[in-house]
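One structure below.
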Amino acid sequence: MAFSTYGSISLFLVVMVGCLCSMTATGQDVLSPSAERQSRQMFVSTPQFYNYYNPYAMMMPVVYPHQASAFPIYPAAAVTEGESDDEPIERGSRDTVNILPAATECLSSAAATEGMVPCLKTSGAGRGSLTIKLPAKDQVAVFGIVRSSSSRITLRCSEMTSVAAFTKTGQINAPSDTPRTETGVLQLVVTSTADNGLMKCTW
C-alpha cells in the first residue's frame with residue numbers, strides 16, 4: 001500500500017496506535033509464567049506420627065515400618081475371645097457380680113407379688129466373675145451380660161450345686177456343659193433345686 005502524503009501516513013499511525021491501546025485496555029490480566037507455575041505447586045511434608053493418615057505417602061521417599069497409606073494394626077490378645085479392638089477402655093474392664101439373696105427373697109412362688117429385684121443383675125464388662133448363692137429351694141436369679149452386637153460372650157462355670165441353669169441356647173446341667181458362647185447378649189436364669197444352691201462362673 002502506498003501513501004501519497006505525509007498526513008495520510010500520520011493518520012494511519014494514529015489509528016493503529018488507538019486500536020492497539022483499546023485492545024490492551026480490554027484484554028485480560030494474565031500472570032507471568034513464573035507466577036503461574038508457583039501457584040500450581042503443592043507442598044507435601046512428612047507426617048509427624050506414623051499412625052497419621054497421609055494420602056500423599058506414596059509420593060515421598062520415606063521408609064515406614066508398616067504400609068504408609070494405612071494405620072498400623074496391633075491386634076490385642078482378646079481378639080481370639082471375640083472382643084472388639086474398637087473398645088480399648090472396655091476391653092480391660094472386669095466386674096465381680098454376687099447374687100446373695102436372703103432365704104425369703106426371690107422365691108418363684110412370690111415373684112408375682114414381691115418381685116425379684118435382689119436377684120436381677122446385669123453387667124457390660126468384657127470379663128468378670130459371677131457367684132450365685134441361693135439358700136432356699138425354688139429361688140430364682142437372673143443375670144445378663146450385654147456387649148456390642150458383634151461381641152462373643154463365653155461363659156465358663158466351675159461349680160454348680162443344687163441349681164438348674166438356662167441360657168437362650170439351652171440348659172446348663174453341669175460345669176462340663178460350659179463354655180457356653182453367645183453373641184451380643186447372654187442371659188442366665190438360675191433356679192435352686194434344693195437348699196444351699198451355688199453357682200460360680202466367669203466370662
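The values are calculated or read from the model by the stated rules, or taken from the named source; none is laboratory data. Since the structure is predicted, the reported quantities are computational estimates derived from the model, not experimental observations. So basically every Cβ, Gly included, is an ideal-geometry build from the backbone, and we count neighbours across all protein chains shown.
Every residue, every condition in (1) of a type in the set (Ser, Thr, Tyr); (2) touching a helix residue (DSSP H, G or I) at 6+ places or on another chain (Cβ under 8 Å); (3) under 16 Å from residue 97 (Cα atoms), yes or no:
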position	(1), (2), (3)
159	no, yes, yes
175	no, no, no
179	no, no, no
189	no, no, yes
192	yes, no, no
202	yes, no, yes
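Here residue 112 meets the list (1) closer than 23 Å to residue 166 by Cα; (2) loosely packed, with under 12 Cβ neighbours inside 10 Å; (3) modelled with pLDDT under 90; (4) under 35 Å from the mean Cα position of the chain (by Cα) almost entirely, failing just condition (4). Out of all the residues in segment 179-191, is one or more in contact with an Asp or Glu (Cβ under 8 Å, 6 or more places away or on another chain), in the same structural domain as residue 111 (by TED's automatic domain parsing), at pLDDT 90 or above and surrounded by 14 or more Cβ atoms within 10 Å (Cβ to Cβ)? Yes, segment 179-191 has at least one match.
Can you name the residue in segment 73-95 that is within 22 Å of residue 145 (Cα to Cα), part of a loop (DSSP other than H, G, I, E, B) and of a type outside the set (A, V, I, L, M) and, of all such residues, is modelled with the highest pLDDT? Walk me through it before giving the result.
Here is the first cut: in segment 73-95, the residues within 22 Å of residue 145 (Cα to Cα) are 76-95.
From what's left, part of a loop (DSSP other than H, G, I, E, B): 76, 82-87, 92-93.
Keeping just the survivors that are of a type outside the set (A, V, I, L, M) gives 82-87, 92-93.
Values: 82: 51, 83: 50, 84: 51, 85: 48, 86: 51, 87: 50, 92: 57, 93: 73.
Result: 93.
Mind listing whichever residues of segment 167-188 are farther than 18 Å from residue 127 by Cβ, touching a Ser or Thr at 6+ places or on another chain (Cβ under 8 Å) and among the hydrophobic types (A, V, I, L, M, F, W, C)? Residue satisfying the conditions is 172 alone. Name every residue in segment 113-151 that is farther than 17 Å from residue 200 by Cβ, of a type in the set (Val, Ile, Thr) and in contact (Cβ under 8 Å) with a residue 24 or more places away in the chain, in order of residue number. Hits for segment 113-151 are 122, 140, 146.
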